[in-house]
Amino acid sequence: MNTLVILRNIFNNPDLFDDEQYLSTSDINVILEALHLRKQCGGLVSVILFAEDVEDSKKALMKAYTYGVDNAVHIAFKNFDFSCTDRLGDIIAKTIETYFKDYDLIMFGRLAYDGDAVTLATRVSEKLKIPRVTYSENCIYNGFKMMNTRFLSSDHHITTFHSLPLLVHSIRKDGLKRQPFISDIVSAYNEKKITKIAGEPIEELLPSSLYKSSCDFVCEENLSKSNEQALTMLNGSNDMESAQNLINLLKELGYSAK
């Protein structure tokens, strides 16, 4: 099984709330999950970092080597807006199609590039036309299907089964925990090399002009001054609660399902 782990871009600025300087805790967990699958199924684990061409990017990839990954690749950019997740997702997908065609599994950590959202992972899966599993807490491969335990809320979990290739957005928090082995650390800094690929050629295939908003913004607004209107909060603490809030609101407005 050939697994691609997409690391979080550190934006040349470590997370002040994370113990690790160059890899986030969610990155380490998903790396260990990929290594656990490699132990079960064989294959290779490659970590890929889409990030600025700075020294900290190299250090993040060398840190990943100390955990025992097989390959570390830096897709290096000199000037790129990583907050544009739709364009970044297309670039990630195009990069995988161009340089990593033999993948079986793509894994994103919980933080990825868009905080705790799933927009980037979803965009990549749509462009590659492969299924994706969101909020996966566990991966088990039986040789035919990947079984994922998905987190919905603190007391709601479901199990899904998918064929490969597959994209998994992992939020595994309490999985394998270990410090790097001495042999992996020595190997990382004496034998391992980082592959650097310029991101600009892929970026040129997907120019920023393709991602300009087509929305017409309203310049003048005539808002009602009535105090009878009220705002309703739809979002909840999890997906199930948000969905229930929306259902309740629709019922109050007189809508009903057939």
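The values are calculated or read from the model by the stated rules, or taken from the named source; none is laboratory data. From a predicted model like this one, the values you see are computed outputs, not experimental measurements. As a convention, Cβ positions derive from the backbone with ideal geometry for all residues, glycine included, and neighbour counts pool all protein chains shown.
Couple of notes before you dig in:
- Meets criteria (at negative phi, in a helix (DSSP H, G or I) and modelled with pLDDT of 95 or more) for Ile48: no
- Thr66 passes every criterion in (1) at pLDDT 90 or above; (2) within 22 Å of Val124 (Cβ to Cβ) apart from (2).
- Considering (1) more than 30 Å from Ile91 (Cα to Cα); (2) modelled with pLDDT of 75 or more, the lone condition that Ser209 does not fulfil carries the number (1).
- Residue match in region 180-195 (condition: in contact with a His (Cβ under 9 Å, 6 or more places away or on another chain), surrounded by 15 or more Cβ atoms within 10 Å (Cβ to Cβ) and either in a helix (DSSP H, G or I) or modelled with pLDDT of 90 or more (or both)): yes
- Within region 26-45, residues that are over 11 Å from Met1 (Cα atoms) reach no partner that is assigned to a helix (DSSP H, G or I) and β-branched (Val, Ile, Thr) with beta carbons closer than 6 Å at six or more positions or on different chains.
- Within region 159-179, residues that are more than 13 Å from Ile140 (Cα to Cα) reach partners that are modelled with pLDDT of 95 or more and part of a loop (DSSP other than H, G, I, E, B) with beta carbons closer than 7 Å, at six or more positions or on different chains, in the pairs Pro165/Tyr103; Pro165/Asp104; Pro165/Ile130; Leu167/Ile130.
- Among residues of region 103-114 being at pLDDT below 95 and among the charged types (D, E, K, R), the one that is nearest to the chain's Cα centre (by Cα) is Arg110.
- Close pairs (9 angstrom Cβ cut-off, 6 or more residues apart or separate chains): at negative phi and part of a strand (DSSP E or B) in region 61-80, surrounded by fewer than 22 Cβ atoms within 10 Å (Cβ to Cβ) and acidic (Asp, Glu) anywhere: His74/Asp53; Ala76/Glu52; Ala76/Asp53; Ala76/Glu200; Phe77/Glu52; Phe77/Asp53; Phe77/Glu200; Phe77/Glu203
- Matching residues, region 82-97, being free of Cβ contacts under 8 Å to residues at least 40 places away in the same chain and assigned to a loop (DSSP other than H, G, I, E, B): Ser83
- Scoring Asn138 on the criteria (1) assigned to a strand (DSSP E or B); (2) at pLDDT 90 or above; (3) among the polar types (S, T, N, Q) leaves a single failure, condition (2).
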